[in-house]
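Here is the structure we will look at, set down as structure tokens.
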Amino acid sequence: MDVDLIIHSATQLCTIPPYAGGPQRSDHLGDLGLILDGALVVNKRRVVATGTTPEVRAHFRAAREINARGRVVCPGFVDPHTHLVWAGDRAAEFEQRVAGATYMEIMASGGGIMSTVRATRAASTSTLIAETRARLDRMLAHGTTTVEVKTGYGLETATELRQLEAIAALDRAHPATLVPTFLGAHAIPAEYRQSPQAYVDLLITEMLPAVADKARELGLAQLPFCDVFCETGAFDLAQSRAILEAAQRMGFPLKIHADEFAPLGGTRLAVDLHATSADHLVTTPPDEIAALGAAQTVAVSLPATPFGLGHHDYTPARALLAAGGALALATDCNPGTAWTESMPFIIALACRYLHLTPAQALVAATLNAACAVGLGDKVGSLTPGYAADILVLDLPDYRHLGYRFGGNPVAGVIKHGEIVIGTL
Ligand code: NIG
Ligand code: FE
């Protein structure tokens with residue numbers, strides 16, 4: 001059969017098989033579907049076959065070939081939790097934190113998220129697009145081919161909608177696929193400090209319907225996710241429930257920021273509402289870990305956040321897996337707690353602080369991450385039928401992911417069957 005592309009002679013090809021069409025859960029996590037001297041066949045933007053190089057050569061002839069000898073080939077990374085659309089930076093706050101101020105103290109004194117909200121409101125949409133594009137370029141260069149992107153630095157209808165427009169524009173213009181999330185419930189904006197309930201009402205009665213209208217106007221295939229920062233100083237459990245239930249009634253799929261600092265019950269709420277994912281999960285109590293482990297909701301761990309804050313507590317990943325859970329990894333890329341565009345760095349952190357093996361971390365950064373954004377049947381695996389989103393890593397063995405850190409192992413990135421990074 002004649003096909004568009006064959007990648008052959010990979011020292012290790014990691015196909016990362018889905019389990020029952022979904023994530024690798026519990027002790028199944030870490031099945032790389034490894035093929036030595038592997039080859040991969042791409043036709044019309046999709047994977048059509050995998051096997052050893054001799055097997056593939058016996059059946060296919062390609063217009064173009066890539067020799068991956070001495071290299072690892074795996075699916076493109078999926079980054080399922082980022083706050084990528086913002087203006088400016090918070091380097092001055094970082095300096096204060098290093099000198100001893102806490103993230104919550106800075107937030108309570110009007111800095112933190114509100115400081116980025118002020119900069120984002122003041123920026124034009126084209127500035128937002130330009131600043132976000134630079135971050136997306138770095139993500140793609142580090143191997144991320146699909147990325148979830150949240151709003152949440154507008155906290156007023158017009159700016160939240162401009163953030164959504166920026167996400168949609170970049171999805172069209174950039175090689176990476178962007179998955180939008182509405183996070184109008186990221187903080188109580190300063191002008192509602194005295195009447196937080198009025199902001200919750202605004203979210204429900206004005207902002208969510210406006211987001212649904214905007215999604216239709218932008219021609220999005222489906223509604224964005226709706227996310228809430230359930231946290232002391234942000235939205236309490238009752239407010240989080242009210243917002244997420246209203247969103248669910250309007251047809252939004254759900255996500256939640258739960259247990260980043262204080263355990264408010266957000267993880268159980270995510271399970272109750274069948275949220276697609278529950279994210280952060282640092283201070284989650286054991287009974288809620290057990291409930292999450294038994295649920296379909298994917299647990300998204302963001303180890304760059306405690307690392308970025310200089311904290312010592314991380315997601316209890318092994319307990320979550322022991323409870324039967326599906327674990328994914330993300331950067332949380334944002335200007336306050338975790339400015340990194342690199343999934344390889346997240347894998348290195350996860351091996352050390354979540355005690356994942358490199359194989360477990362790689363699956364959590366690909367297939368399981370895709371499941372955390374509802375795309376587990378389309379990306380994150382090199383099974384026939386999946387998108388031809390492929391990395392060629394300049395590593396002799398997949399375990400060098402995690403083992404080595406601080407550099408960029410990506411030699412080439414293929415998106416929908418086309419080379420978008422590297423010469424290969
Ligand atoms: O995931 N938790 C809330 N949001 C971000 C921080 C955002 C910011 O500080 O700007 C987080 O850590
Ligand atoms: Fe976040």
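Every number in this text was worked out from the coordinates using simple rules, so none of it is lab data. None of the values given here were measured: they were computed from a predicted structure. FYI the Cβ positions are ideal-geometry reconstructions off the backbone, even for glycines, and counts take in every protein chain you see.
Over segment 234-364, one equal point on each Cα, no solvent: what is log10 I(q)/I(0) by the Debye formula at q = 0.16 Å⁻¹?
-0.76
Mean separation of Cα pairs under 8 Å and 6+ residues apart, divided by the residue count of segment 248-382: what relative contact order is that in percent? Don't skip to the end; give the middle numbers.
Working: 267 pairs, mean separation 25.7, N = 135.
Computed value for segment 248-382: 19 percent relative contact order.
Which one, 139, 104, 343, has the greatest fluctuation when you compute a Gaussian network model over the chain with C-alpha springs under 10 angstrom?
Taking springs between Cα atoms under 10 Å, the residue moving most is 104.
Under 13 Å from the Cβ of residue 400, count the other residues' Cβ atoms, weight Lys and Arg +1, Asp and Glu -1, and hand me the total.
Details: positive: 71, 399, 404; negative: 394, 397.
Charge balance near residue 400 sits at +1.
DSSP beta bridges in the chain, what fraction antiparallel, as a percent rounded to 5? Spell out each step's value before the answer.
Values: 27 of 61 bridges.
If I count the DSSP bridges inside the chain, around 45 percent turn out antiparallel.
Need one number: convex hull volume per residue for segment 51-97, Cα atoms only, in Å³. Working shown, then result.
Values: hull volume 9.8 nm³, N = 47.
Convex hull volume per residue, Cα atoms: 209 Å³.
Over the chain, what relative contact order in percent results from Cα pairs under 8 Å that are six or more residues apart?
On the way: 1043 pairs, mean separation 91.2, N = 424.
Relative contact order, the chain: 22 percent.
Once amide H atoms are placed 1.01 Å from N in the peptide plane, what residues at a sequence separation of 5 or more from residue 71, or on another chain, have their amide H within under 5 Å of its amide H?
For residue 71, whose amide H was placed from the backbone, the distant partners under 5 Å are 11, 12.
Considering the Cα trace of segment 206-292, what is its radius of gyration and what is Dmax, both in angstroms?
Rg, Dmax (Cα atoms, Å): 13.4, 43.
Ranked highest first by average number of other Cβ atoms within 10 Å, how do 117-123, 94-100 line up? Walk me through the numbers before you get to the answer.
Working: 117-123: 18.7, 94-100: 11.9.
Final packing ranking: 117-123, 94-100.
If each DSSP helix of 4+ residues adds -39,500 (n - 2.57) and the sum is divided by the residues in the chain, what number results at 222 nm, nearest 500 deg cm²/dmol?
Numbers: 17 runs with 150 residues, N = 424.
Value at 222 nm, helices only, nearest 500: -10000 deg cm²/dmol.
Using a ≥ b ≥ c from the Cα gyration tensor of segment 317-393 (square roots of the eigenvalues), is it rounded, prolate or oblate, where a/c under 1.5 gives rounded and otherwise the larger of a/b and b/c decides, a/b for prolate? Intermediate values should be presented prior to the final figure.
On the way: a/c = 1.64, a/b = 1.21, b/c = 1.36.
Oblate shape, in that a/c is at least 1.5 and b/c is the bigger or equal ratio.
Treat the count of other C-beta atoms within 10 Å as a stand-in for reagent exposure and order 182, 225, 307 from fewest to most.
Working: 182 31, 225 25, 307 19.
With the fewest neighbours first, 182, 225, 307 line up as 307, 225, 182.
What is the fewest-to-most order of 232, 82 by other Cβ atoms lying within 10 Å of their Cβ?
Working: 232 13, 82 27.
Ascending number of Cβ neighbours within 10 Å: 232, 82.
Compute the distance from the alpha-carbon center of segment 128-161 to that of segment 354-380, in whole Å.
If you average the Cα positions of each part, the centres end up 21 Å apart.
State the answer as a single residue: which of 112, 382, 126 lies farthest towards the positive end of the charge dipole of the chain, with beta carbon charges of +1 for Lys and Arg and -1 for Asp and Glu, about the Cα centre.
Ranked along the dipole, the leading option is 382.
Can you sort 86, 339 so the residue with the fewest Cβ neighbours within 10 Å comes first?
On the way: 86 27, 339 19.
So the ranking, lowest neighbour count to highest, is 339, 86.
Grab every C-alpha pair in segment 90-222, bin the distances at 5 angstrom width from 0 up to the longest one, and report whole percents.
2, 10, 18, 19, 19, 16, 11, 5, 1, 0
Rg and Dmax of the chain, Cα atoms, in Å?
According to the Cα coordinates of the chain, Rg and Dmax are 20.8, 71 Å.
Please state the charge dipole magnitude for the chain, taken about the Cα centre, from unit charges on C-beta atoms (+1 on K and R, -1 on D and E), reported in debye and rounded to the nearest 20.
Using only the charged Cβ atoms, the result is roughly 940 debye.
Distance cut-off 22 Å, Cα to Cα: go down the list 214/415; 44/214; 44/150; 44/255; 378/415 and report the pairs above it. Walk me through the numbers on the way to the answer.
Details: 214/415 27 Å; 44/214 31 Å; 44/150 30 Å; 44/255 33 Å; 378/415 13 Å.
Exceeds cut-off: 214/415; 44/214; 44/150; 44/255.
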